[in-house]
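Some notes on the structure that comes next.
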Amino acid sequence: MQKYNILQVVKYLETLVKIPSPTGFTQKVQNFLCQNAESKKISYKETRKGSILYEFSGSKHNKKNIMIASHVDTLGAVVCQVEKDLLRLSSIGGYPLIYVIGDYCIVHTLEGKEYTGTILPDNPAAHVNKDLKNNTTLSFENIHLRMDLPLQKKQTLKDHVQNGSFVSFDPHFHHTNGFIKSRHLDDKASAATMLYIADLLKDDPALLDSLKANVYLYFNVTEETSQGVAGFPEIDELLVMDMGCVGKNLEGNEYSVSICMKDSHGPYHYGMTKKLIDLAKKNKIPHVVDIFPFYGSDGSMALQSGKDIQVALIGPGVSASHGYERTHEKGLLATLQLTLAYLI
Ligand SMILES: [Zn+2]
């Protein structure tokens, strides 16, 4: 099988996770995707809601249209109450609070300023609060954001921050021993793979020529709030690339591509999924087939909206999802290989 430069995928991944993009506040990542397309002369469009669609027409005047979708929006928070010297938060997307306590973050004010901060439990000093070590009932009512802004006398945070300011979490990106540790691998690992696929299609006319269909690459900005994909042309098949689950009773792992037969919303298209399994076997691509227990995707949302399209879901195995995530170069490579095998 052809050699791919997986380090380029990792480079895209690092770039993407370092662009703050909690759902609802994704303009910066949209700009990046548009500029990337413009600089490489890739035909693209931006939907009304802000998702970006790259378009590749195979030269054989294909009758069929396939869309591959990933998402570049992430978990995050929004300021819902400004107290004298701390901020209260409302969550964007679903995550266990143990995974944000102690984390560094950025507050993006409505005036366009950025302030760093830390998410902490109330009364957070262990030398002051003897009950802290027993505190197992974290909720948005008893955690806060400590913003790194020195206040003058008589000033309060209200002079600087308003409700509705978005908060993005520090990704903590590390690339070590082939592992990529970072927040937001869900789903920027897939989006980075899609950017690499766009480069391949742009730079290799033979590959473009061998496509079995016209291909659209859809970068969604509203997945974490379950809004699904919209504003795309008529398609026959939707291949969703989103993180593969890794955990108890699952076969998924960081070195393989997960092929999801069913998630908590129901099964994906059997024929399309079976074809992906067969392709993975035939091309000796490390893969697993799993049922994702607590999971929805842009694919399940497309099906629930009643669209008459075939939908399947694949993605690199991601450990500790919606927390301190990790995957491996091998998982990215397997996902890339399977996606390309499907397209040609
Ligand atoms: Zn996701």
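As a quick test, which of the pairs LYS11/LYS274; LYS41/LYS212; LYS3/LYS202; LYS11/LYS202; LYS212/LYS274; LYS40/LYS113 have an alpha carbon distance above 20 angstrom in this structure? Could the numbers behind the result be given before it?
Details: LYS11/LYS274 32 Å; LYS41/LYS212 22 Å; LYS3/LYS202 17 Å; LYS11/LYS202 18 Å; LYS212/LYS274 18 Å; LYS40/LYS113 31 Å.
From LYS11/LYS274; LYS41/LYS212; LYS3/LYS202; LYS11/LYS202; LYS212/LYS274; LYS40/LYS113, over 20 Å: LYS11/LYS274; LYS41/LYS212; LYS40/LYS113.
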Any aspartates and glutamates whose Cα falls less than 14 Å from that of LYS154, other than same-chain ones fewer than 8 residues away, would be GLU83, ASP85
Per 5 angstrom bin, beginning at 0 and ending with the bin that holds the maximum distance, the Cα pairs of the range 124-200 fall in percents of 3, 9, 11, 13, 13, 15, 13, 10, 6, 4, 2, 0
Among the Cα-Cα pairs of the range 76-169, the proportion with separation greater than 21 Å, in percent, is 29
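Under a Cβ-only charge scheme (Lys and Arg +1, Asp and Glu -1), can you give me the dipole magnitude of the range 76-169 about the Cα centre, in debye to the nearest 20? Please report the intermediate quantities before stating the final value.
Numbers: 9 positive and 10 negative charges, 45 e Å.
Approximately 220 debye in magnitude.
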Quick note, the range 1-157: a/c under 1.5 would make it rounded; otherwise a/b > b/c is prolate and the rest oblate (a ≥ b ≥ c, C-alpha gyration tensor); here it is prolate
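Between THR116 and LYS41, what's the calculated FRET efficiency when r is the beta-carbon distance and R0 is 51 Å? Round to 0.05. Present the calculation step by step, with values, prior to reporting the outcome.
Numbers: r = 37 Å, r/R0 = 0.73.
FRET efficiency, THR116 to LYS41: 0.85.
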For LYS188, counting only aspartates and glutamates whose alpha-carbon sits under 19 Å away and dropping same-chain residues fewer than eight positions off, the answer is GLU14, GLU46, ASP73, ASP170, ASP199, GLU223, GLU224, ASP242, GLU254, ASP298, GLU325, GLU329
Partner lysines whose C-alpha sits under 21 Å from that of LYS153, ignoring same-chain residues fewer than 8 away, are LYS84
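When ranked by the protection proxy of mean other Cβ atoms within 10 Å per residue, highest first, what sequence do the peptides 187-195, 331-339 form?
Numbers: 187-195: 28.8, 331-339: 25.4.
Those peptides, ordered most packed to least, come out 187-195, 331-339.
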For the chain, averaging the sequence separation of alpha carbon pairs under 8 Å that lie six or more residues apart and dividing by its residue count, the contact order in percent is 24
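Working out 0.36 nm times the residue gap between LEU132 and GLN304, then minus their Cα-Cα distance, what length gain in nm do you get to one decimal?
Working it through step by step, the gained length comes to 57.6 nm.
Restricting attention to the range 232-278, which GluC sites (Glu not before Pro) occupy a DSSP loop and are surrounded by at most 16 other Cβ atoms within 10 Å? Don't jump to the answer; show the numbers that get you there.
On the way: sites: GLU234, GLU237, GLU251, GLU254; in loops: GLU234, GLU251, GLU254.
Taking the range 232-278 and a limit of 16 other Cβ atoms within 10 Å, the loop GluC sites (Glu not before Pro) found are GLU234, GLU251.
Can you pull out the chymotrypsin sites (Phe, Trp or Tyr not before Pro) in the range 273-336 whose DSSP state is coil and whose Cβ has at most 15 other Cβ atoms within 10 Å?
Those satisfying the criteria are PHE294, TYR324.
Read-outs: derived from the displayed coordinates by stated rules, not from any lab. As the structure is a prediction and not an experimental result, all values here were calculated from the model. So basically every Cβ, Gly included, is an ideal-geometry build from the backbone, and we count neighbours across all protein chains shown.
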